[in-house]
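The values are calculated or read from the model by the stated rules, or taken from the named source; none is laboratory data. Worth saying up front: this structure is predicted, and the values here are computed from it rather than measured. All Cβ positions, glycine included, derive from the backbone under ideal geometry; neighbour counts span all protein chains shown. We work out accessible area using only protein heavy atoms, side chains counted, and drop any ligands, DNA or RNA first. Shrake-Rupley method; radii C 1.70, N 1.55, O 1.52, S 1.80 Å.
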Amino acid sequence: MLDPIGIAAVPTSRLVCSDEPPSASALELLLRAIITHNHTRNVPTVGQILIHPVSTDQFRVTTRAAEVGLGGRPFGRDGLAASIDSSPVCPIDRTTPNRITSSRCVAGNYWATDRTGAESSRVAKLITSEKTEVAANPALRSLRLRDSTHEYAGLLQGRPATDPYDALPVEPTMTLSTTKLEALLDVTPHYEPCRWPAKPTRHAPRFIRETVRTQAAGTDHETLLAGPHPVMTQLGVQGSGSLREFVSGWLAETGIHADSVDDRSYGDSHLRGHPHDETGPVVVVAPDADNSETVVETAGELIMAANRAGQTGSHLLVVTPSQEAARWARDILEVPYANRRAPDRHQLYSIPTYVYTSAGDIVVTKRDAPSPYWTVSGDGRRALYSGGQCLAAGPITAPITSYSFETPRVTTHGDSLAVTDPDGDIRETNRSLADCADEYQAVRRPIVPRLPLFCAKETIAYRDGSSLVEPIRSQSWAENSTRLSWEEHCERAVNTFLETYTIPDDTRDSSETGRFIEYFLAWYDKQTTCRRPAQMTVACILSDRLPSVEDIPPTMPDDRSWWLPTIDLSLEIAHSCSSAEAPHEDISDHN
């Protein structure tokens, strides 16, 4: 039983061959050298050899080594880039001759890193190597070997698990004769054990006795074969609990002490502490979750979480239950507005809570009227619309309760609730908000992003079995299968960025266009695995729209500005908070 060593992946290597099967001399002492080297460093190591007979004197063999005592495997795009940039020593690759290597080293054939335009404190960008045009299937598969998730799962399951290697130029198994197999199995035991991690769900492996061929002298058989640890069925990440429980268990097994946030409000984190930021926020996002889980379900609340993280300079980790949900969350944060209603006016996301007037009344609209929505314009105005009719508007810097609403509102009227006109005339009375919901719909609270986009310090991952995986995307901006030159690729990237995040503006203040190249490079890094364009390349693309091509770093073109004012809004203003009390039942479900 290998479950006791934990389910969250640890650095795991598989012996792969790039040429003919190795000789007996190459295999001799292989595992002994790996285990002995790690034993001297007090690194608990699990070696696995799976043997499948194919003939009388031929065996198909899978060989793995997992270093349980080392830190967690590379996590996410930044972690993979760091592992490529400064490759850790792999036990199999260190010990074997050139034609034998490790599964963790295969990614080196496809991936490199790039520091062009990066600040000294910034993690290198993960890019495809010069001989790899785009991040095609083999390159992406090699990353799942680099981060050990595939091989560690195969180790726990006791399966060869060769599928990812179909598209890779290495052989994942060896066909060995009896002589070669005996050389591989020549392992000398160590009688003083390493210090195994003392975590609730990581213990030394327990073995179940099937057949004893020969009694091993000096070995405590009964302790070694005591069976699985009893707590393993109750703790850890392998259970069928909630996504939040899984994330908490995964973080614990990877050596992260994450504090749980139990009494949370909209936009608050569920946990604090993850591999990219020891105190950074972790939010669990599931847009299709049932009501029993307190997870982030709406785009508006996800933007609130990003706003909170950005205000403190923290790195936000978003965890979703599926790759589809991860793409949804990524798209929301990359483009934090619902749609473009006019060239300089964008629709905001909202959350299902009330908007109040200054008197504490709930703002509503007729249910048969077009659904209300909020917009923000480049000149800094936030407005409420129903169809093409503006129902309220005011400066983005002002509390939303200060706006004048040309809408009905719900207020208390003795023991009942009254729906009144803007001038205070009573339209009708009802006993509850549920009764009001038959004719009226509540206006939802708009959420204003504090940044034009969220790409720099956000990681979106999804659960894949017992692992967390960040999807790797490689956008080429080419139509169909058209191949672009490097210049065309860069030009389309710059134009796509300008079209998505900026608006036409001939009168803007130059002080409002700062951090242009910083935001562009952060966005570009998440869009593609191609190398970064140099700042001079970006300046040349914008040459006819800049005061001077020689200004480095390049600034926003003279005729553009960000899609929303880049003002340092307080969270209360950005999240449209109200100090008004609501002495009513919650009618969010009726909206």
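Taking the criterion of being within 30 Å of residue 331 (Cα to Cα) and among the aromatic types (Phe, Trp, Tyr), the only residue of the range 427-454 that qualifies is 454. Scanning the range 237-278 for residues that are β-branched (Val, Ile, Thr) and at pLDDT below 90 gives 237, 254, 256. The set of residues in the range 311-326 being modelled with pLDDT of 95 or more and under 16 Å from residue 455 (Cβ atoms) consists of 314, 315, 316, 317, 318, 326.
When you scan the range 294-313, do you find a residue that is within 30 Å of residue 417 (Cα to Cα), buried (at least 23 other Cβ atoms within 10 Å of the Cβ) and outside the structural domain of residue 417 (by the TED database), even just one? Checked the range 294-313: at least one residue is within 30 Å of residue 417 (Cα to Cα), buried (at least 23 other Cβ atoms within 10 Å of the Cβ) and outside the structural domain of residue 417 (by the TED database). Contact map, the range 246-269: first residue within 30 Å of residue 577 (Cβ to Cβ), second residue assigned to a helix (DSSP H, G or I), Cβ cut-off under 6 Å, separation 6 or more or different chains; pairs are 258/251; 266/301; 266/304; 267/301; 267/304; 267/305; 267/308.
In the range 29-36, the count of residues that are in contact with a Pro (Cβ under 7 Å, 6 or more places away or on another chain) and not acidic (Asp, Glu) is one or more. Only one entry of 43, 61, 106 meets the criterion of being in contact with a Gly (Cβ under 8 Å, 6 or more places away or on another chain), open to solvent by less than 70 Å² (accessible area, probe 1.4 Å) and either assigned by the TED database to the domain that holds residue 249 or at pLDDT 75 or above (or both), and that entry is 43.
Just to be sure, is residue 112 open to solvent by 20 Å² or more (accessible area, probe 1.4 Å), under 29 Å from the mean Cα position of the chain (by Cα) and modelled with pLDDT of 85 or more? Answer is yes for this residue.
Taking the condition under 30 Å from residue 432 (Cβ atoms), open to solvent by less than 50 Å² (accessible area, probe 1.4 Å), at pLDDT 65 or above and among the small types (Gly, Ala, Ser), does residue 578 pass? Yes; evaluated as a whole, the condition is true for this residue. Being open to solvent by 20 Å² or more (accessible area, probe 1.4 Å) and at pLDDT below 90 is a property that residue 421 lacks. What about residue 80, is it in a helix (DSSP H, G or I) and in contact (Cβ under 8 Å) with a residue 40 or more places away in the chain? Yes; evaluated as a whole, the condition is true for this residue. Take residue 547 and decide whether it is open to solvent by 50 Å² or more (accessible area, probe 1.4 Å), modelled with pLDDT under 90 and under 30 Å from the mean Cα position of the chain (by Cα). The answer is no for residue 547. Inspect all residues belonging to the range 24-38 and state whether any of them is within 33 Å of the chain's Cα centre (by Cα), surrounded by fewer than 22 Cβ atoms within 10 Å (Cβ to Cβ) and outside any strand (DSSP E or B). Yes, some residue in the range 24-38 is within 33 Å of the chain's Cα centre (by Cα), surrounded by fewer than 22 Cβ atoms within 10 Å (Cβ to Cβ) and outside any strand (DSSP E or B).
The listed residues are 450, 492, and the only one of them that is open to solvent by 30 Å² or more (accessible area, probe 1.4 Å) and closer than 21 Å to residue 538 by Cα turns out to be 492.
Being open to solvent by less than 50 Å² (accessible area, probe 1.4 Å) and not in a strand (DSSP E or B) is a description that does not apply to residue 460. When residues in the range 396-414 are screened for being touching a Phe, Trp or Tyr at 6+ places or on another chain (Cβ under 9 Å) and either in contact (Cβ under 8 Å) with a residue 60 or more places away in the chain or outside the structural domain of residue 374 (by the TED database) (or both), 3 of them pass. For beta carbons closer than 7 Å, sequence separation of 6+ or different chains, a first residue in the range 320-332 that is within 20 Å of residue 248 (Cα to Cα) and a second that is among the charged types (D, E, K, R), the qualifying pairs are 321/463.
Scan the range 396-434 for residues that are in a loop (DSSP other than H, G, I, E, B), more than 26 Å from residue 572 (Cα to Cα) and either in contact with a Leu (Cβ under 8 Å, 6 or more places away or on another chain) or among the β-branched types (Val, Ile, Thr) (or both) and the total you get is 2. You will find that of 270, 315, 346, the residue that is touching a Lys or Arg at 6+ places or on another chain (Cβ under 6 Å) and under 21 Å from residue 382 (Cα atoms) is 346 and no other.
Residues in the range 172-188 include at least one that is open to solvent by less than 50 Å² (accessible area, probe 1.4 Å), assigned to a loop (DSSP other than H, G, I, E, B) and modelled with pLDDT of 90 or more.
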